Amino acid sequence: MPARLLSKSQPTSLSCSFRKGLREKDWPTWVMIAAWGLIYAGALMLPVGWGFLQFALLVFALTLHSSLSHEILHGGPLTHGRAATMLGIIQPGLFVPYLRFKALHLAHHRDANLTDPYDDPETNYLDPEVWARLASWRRRLLAVNNTLLGRMVIGPVIGMAAFVRGDILRMRRGERDVAWHWIAHLPGVVLTIWWVSLSSVGLWTYLAACYGALSVLRIRTFLEHRAHERASGRSVIIEDRGVLAFLFLNNNFHAVHHKYPNVAWHQLPALYFAQKEQFIRRNQGYVYRSYGEVFAKYLVRVKDPVAHPLWPNGGK
């Protein structure tokens with residue numbers, strides 16, 4: 001296996017400080033960023049009367065932008081922290097501040113804590129004792145959220161409500177970095193809304209597209225992690241190479257991404273297929289052939305319990 005696939009991003013010897021922050025041979029990411037810009041700008045520049053196409057293009061572009069933001073926070077295409085932050089700080093999807101996404105997602109990459117109801121900030125599992133205390137209507141709602149259709153329709157609302165509520169509690173406890181992350185997000189929100197106001201896209205259409213992008217992203221996160229005794233058995237592999245895999249920048253090879261988080265998105269499939277048997281053995285066979293298989297199996301079926309099935313009844 002090429003050593004460059006396994007190593008963490010390292011600065012090059014180029015003299016310019018900006019170029020020192022470039023991830024080696026990552027031109028595909030720059031091409032993808034340019035393509036995203038063309039799609040996004042093209043959607044905003046369409047004339048009145050093309051509303052449905054604008055909506056579809058915006059959902060596509062905003063979903064892709066979220067995947068690019070994920071790539072940026074993991075060190076590509078810029079490894080220099082400040083330059084990468086400047087590249088990711090404006091979030092046209094509006095709802096999630098880049099710096100909060102970065103902080104929480106890097107915490108999520110502590111694999112020993114994956115699916116932990118308290119220490120994994122991206123998990124949907126609850127402590128069984130917390131689950132038992134919930135009102136019956138909330139339990140029914142969360143059960144619906146554990147179907148793929150439910151995750152796409154109501155998942156963004158449930159996820160954002162928990163996200164904002166948690167950050168408000170952190171700010172009340174005096175966690176100033178959380179407040180700063182939201183403050184740093186606001187100029188990008190204002191700038192995005194100003195851009196939209198100059199286009200033929202109505203604000204409500206744009207907000208609906210932002211919600212639509214969150215819904216599409218819920219397809220990716222739906223099966224990303226499961227409860228398993230071994231940390232290496234908790235991350236999924238979905239061997240899809242279609243439109244959704246493109247939009248998710250191959251993050252469907254999720255067990256590979258967790259094993260090598262600094263490997264560029266365009267290298268993940270080759271890395272997986274070169275060692276397919278080892279990866280499947282490592283993640284205990286948590287594999288799906290395509291997103292079509294996922295839809296067929298879980299569109300209206302609960303994938304697993306909301307209460308963590310392996311969590312001690314006493315919680316923490």
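The values are calculated or read from the model by the stated rules, or taken from the named source; none is laboratory data. These numbers were taken from a predicted model, which means no experiment stands behind them. Every residue, glycine among them, receives a Cβ derived from its backbone with ideal geometry; neighbour counts consider all protein chains shown. Quick note on the areas: whole protein, heavy atoms, side chains included, nothing else; ligands and nucleic acids left out. Shrake-Rupley method; radii C 1.70, N 1.55, O 1.52, S 1.80 Å.
Yes or no: ASP111 open to solvent by 30 Å² or more (accessible area, probe 1.4 Å), touching a helix residue (DSSP H, G or I) at 6+ places or on another chain (Cβ under 6 Å) and in contact (Cβ under 8 Å) with a residue 12 or more places away in the chain? Please lay out each step first, then the result.
Working: open to solvent by 30 Å² or more (accessible area, probe 1.4 Å): yes; touching a helix residue (DSSP H, G or I) at 6+ places or on another chain (Cβ under 6 Å): yes; in contact (Cβ under 8 Å) with a residue 12 or more places away in the chain: yes.
Yes.
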Residue among ARG165, ARG151, ARG218 that alone is free of Cβ contacts under 8 Å to residues at least 40 places away in the same chain, out of contact with any strand residue (DSSP E or B) (no Cβ under 9 Å at 6 or more places or on another chain) and in a helix (DSSP H, G or I): ARG165
Every residue from the range 224-254 that is in contact with a strand residue (DSSP E or B) (Cβ under 7 Å, 6 or more places away or on another chain) and under 21 Å from VAL59 (Cβ atoms): GLU224, ILE238, ASN252
Residue list for the range 241-263, restricted to those being surrounded by 21 or more Cβ atoms within 10 Å (Cβ to Cβ), in a loop (DSSP other than H, G, I, E, B), at negative phi and free of Cβ contacts under 8 Å to residues at least 60 places away in the same chain: ASN252, PHE253
Number of positions in the range 159-186 that are closer than 20 Å to ARG138 by Cβ and open to solvent by 40 Å² or more (accessible area, probe 1.4 Å): 6
Residues of the range 37-71 satisfying the condition of being assigned to a helix (DSSP H, G or I), farther than 15 Å from TRP195 by Cα, open to solvent by 40 Å² or more (accessible area, probe 1.4 Å) and in contact (Cβ under 8 Å) with a residue 24 or more places away in the chain: PHE55, PHE60
Of residues in the range 72-95 being assigned to a helix (DSSP H, G or I) and over 14 Å from ASP26 (Cβ atoms), the one modelled with the lowest pLDDT: GLY81
Single condition HIS266 does not satisfy, out of (1) open to solvent by less than 30 Å² (accessible area, probe 1.4 Å); (2) assigned to a helix (DSSP H, G or I); (3) in contact with a helix residue (DSSP H, G or I) (Cβ under 6 Å, 6 or more places away or on another chain): (1)
Within the range 135-148, considering residues that are farther than 24 Å from LEU94 by Cβ and not in a helix (DSSP H, G or I), the one most open to solvent (accessible area, probe 1.4 Å): ALA135
